[in-house]
Amino acid sequence: MRIFLSYSGHDAAIVTEVWERLGPQVTWLDKADIDLGDIILEKIAAGIEEATDLLLFWSKRAQANLHGSKSSCTWGSFGSLNKVGASLE
């Protein structure tokens, strides 16, 4: 099992706490799995490819951040991963 943690940067503190509790062996977190000099989109794509599950953290700040965003990420972007949403409100 490998869980891809998806979140808004505004919610990084709580997501980092979840990552620490679950353990880096079973979770993918951008700030832990992307190194300086890496091509960010390639690393994210590899993280999604290696994952078996997606945990999406959702908050009002995350929703507000999407307005005007160029992000085209949707549930469908994550293929056949098991998907779970977590509301931070």
- Query: So what is the relative contact order of segment 1-68, in percent, for Cα pairs below 8 Å that sit 6 or more residues apart?
  - Reply: 56
- Residue order, fewest to most beta carbons within 10 Å, for Ile39, Ile3, Ile14, Ile48: Ile39, Ile14, Ile48, Ile3
- Note on the structure: Given backbone amide H placed at 1.01 Å from N, residues whose amide H is under 5 Å from that of Trp58, ignoring those fewer than 5 places away on the same chain, are Ala86, Ser87, Leu88
- Message: I'm spelling it out carefully: the read-out is Kirkwood radius over Cα pairs in Å, the candidates are (1) 15.6; (2) 15.0; (3) 13.5, and one was derived from this structure. Which label?
- Response: (3)
- Note on the structure: Between the modelled labels at Glu89 and His10 (7 Å from Cα along Cα→Cβ) the distance in nm is 1.1
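Bear in mind that the values in this text are calculations on the coordinates, not laboratory data. Worth saying up front: this structure is predicted, and the values here are computed from it rather than measured. Because the Cβ atoms are built from the backbone with ideal geometry, glycine has one as well, and the counts that use them run over all protein chains shown.
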